[in-house]
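Shown next, in structure tokens, is the structure this report addresses.
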Amino acid sequence: MTEEEARMTFLEHLDELRKRLIRAVTAICIIAVICFIFSERLFSILSAPVVKLLPKDASLVFTSLPDPFFIYLKVSIIAGLFVALPYVLFELWRFIYPGLHKHERRMAVPFIIVATLLFYAGAAFAYFLVFPAAFKFFLSYQTADLKPMIAIREYVSLIMLLALAFGAIFETPVIIVFLGLLGVFDSSFLKRGRRYFIVLAFVIAAMLTPTPDVINQTLMAVPLLLFYEVGIWVLVLFERKREKELAAETAEDVE
């Protein structure tokens, strides 16, 4: 293959990626428009973890007239992402499809199901465990002279960051297997880098968690470490299957 042909192949891959990104973003936008109809209800669900902890006479507030509209819009977009996630993953799968082996190409449905459920599980983990712990920590500083007045803009930005962060962390095994099958690294490389990843996990947790206490940081770091190990184990299984397939193909060629 000449350099020009290689360049054209690379450009074709970029064009394919662009088309699939456009399709994914379009799907998210369409669903977001539908979700906007229910944006008030969605916001009520998202605000429940902190509202339960507020004093009886306190509520969330907005400090700018356009805030409610843009907050509802942001909530709708995030909801669109969550609902459209299976289709987004399908487009991602179709992009990497040509670089996979025959038996790996049949894993489309399991890949989409597992990746979707893991992302949802991460967001649920944040909503039911991390949010209450973090908000309780913050509100513990209120006194008779210091009362909470939480602006919806900052609140929604915080919970969206945490929900997406935990969703991404729960996707760690899928990301590891995905990059491993593309040849970015192998399981041996990940095993050698295990001790470095332990440090990296707590650094990521320190940057993404909103509280400085060790408990909330551990709630993010521990799942990340566990899923790292799960990703290595699953990648080893795929590598063994790939080796067997290559051995079988070589044997057929020899015959």
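The values are calculated or read from the model by the stated rules, or taken from the named source; none is laboratory data. Predicted, not measured: the structure shown is a model, and the values here were computed from it. For neighbour counting, all protein chains shown are included, and Cβ atoms are generated from backbone atoms with ideal geometry for every residue, glycine included.
Here are the numbers for the structure shown:
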{"quantity": "Test for Val214: is it under 19 Å from Ala168 (Cα atoms) and of a type outside the set (Ser, Thr, Tyr)", "calculated": "no"}
{"quantity": "Failed condition for Gly183, given (1) closer than 27 Å to Lys19 by Cα; (2) surrounded by fewer than 16 Cβ atoms within 10 Å (Cβ to Cβ); (3) under 20 Å from the mean Cα position of the chain (by Cα)", "calculated": "(3)"}
{"quantity": "Contacts under 6 angstrom Cβ, first residue in region 35-51 being more than 15 Å from Leu162 (Cα to Cα), partner of a type outside the set (Val, Ile, Thr) and assigned to a helix (DSSP H, G or I), 6 or more apart", "calculated": "Cys35/Ser76; Cys35/Ala79; Cys35/Gly80; Phe36/Ser76; Ser39/Tyr72; Ser39/Ser76; Leu42/Ala79"}
{"quantity": "So Pro98, is it within 24 Å of Leu179 (Cβ to Cβ), modelled with pLDDT under 95 and of a type outside the set (S, T, N, Q)", "calculated": "yes"}
{"quantity": "Wholly enclosed helices (runs of 4 or more DSSP H) of region 58-156 bearing at least 3 residues more than 21 Å from the chain's Cα centre (by Cα) and surrounded by 14 or more Cβ atoms within 10 Å (Cβ to Cβ)", "calculated": "67-96, 131-139"}
{"quantity": "Tally, over region 211-242, of residues that are assigned to a helix (DSSP H, G or I), among the polar types (S, T, N, Q) and touching a residue at least 24 places away in the same chain (Cβ under 8 Å)", "calculated": "1"}
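One line per residue, one yes/no per condition, for (1) in contact (Cβ under 8 Å) with a residue 12 or more places away in the chain; (2) touching a Gly at 6+ places or on another chain (Cβ under 9 Å):
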{"position": "Val75", "(1), (2)": "yes, no"}
{"position": "Pro86", "(1), (2)": "yes, no"}
{"position": "Phe90", "(1), (2)": "yes, no"}
{"position": "Arg106", "(1), (2)": "no, no"}
{"position": "Phe111", "(1), (2)": "yes, no"}
{"position": "Ala115", "(1), (2)": "yes, no"}
{"position": "Leu118", "(1), (2)": "yes, yes"}
{"position": "Phe138", "(1), (2)": "yes, no"}
